[in-house]
Structure formats: C-alpha cells, structure tokens
Amino acid sequence: MDKYECDACDYVYDPATGDPENGIEPGTSFDDLPDDWVCPVCGVSKDNFTLQE
C-alpha cells in the first residue's frame, strides 16, 4: 500500500502502521481513511497529503 506525506509537516501516513491513537487500524489504506481524518501531528486535512514516490 502507498504511503502519503503531509505537505505541511512531513508526517508520513503508513498503512502498515495506521494511526492507532486516532482509531485507524494497521492495514487501512489512505483512500479508506474517513473524510474527517486529519494529520495527527499538525491537524491538516487529507487534501494536504501527497503520494510518496
């Protein structure tokens, strides 16, 4: 699964680890994150993330 990087703070969302502190289980792809999910570091929306190449 693809990793996505926050454009604001460089946090990387890795589907292998998810975001357990915010209820996102490991194995959850970026596309399957809820629409209201925000960066756990800086709080920006999913629209501010870019696919890591």
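Whole-Hz Karplus values for segment 31-39 come out as 5, 8, 5, x, 4, 8, 5, 10, 4 Hz, taken residue by residue from phi with 6.51 cos²θ - 1.76 cosθ + 1.60 and θ = phi - 60°; glycine and proline positions read x. For the chain, the solvent-accessible area with a 1.4 angstrom probe is 65 square angstrom per residue.
Here, the chain is characterised by an Rg to Rh ratio of 0.90, where Rg is the alpha-carbon radius of gyration and Rh the Kirkwood radius.
Here the accessible area is traced with a 1.4 Å probe on the protein chains. For the chain, carbon and sulfur cover 43 percent of it.
The values are calculated or read from the model by the stated rules, or taken from the named source; none is laboratory data. This is a predicted model, so every value here is computed, not measured. What goes into the accessible areas is simple: the full protein's heavy atoms, side chains included, and nothing from ligands, DNA or RNA. Shrake-Rupley method; radii C 1.70, N 1.55, O 1.52, S 1.80 Å.
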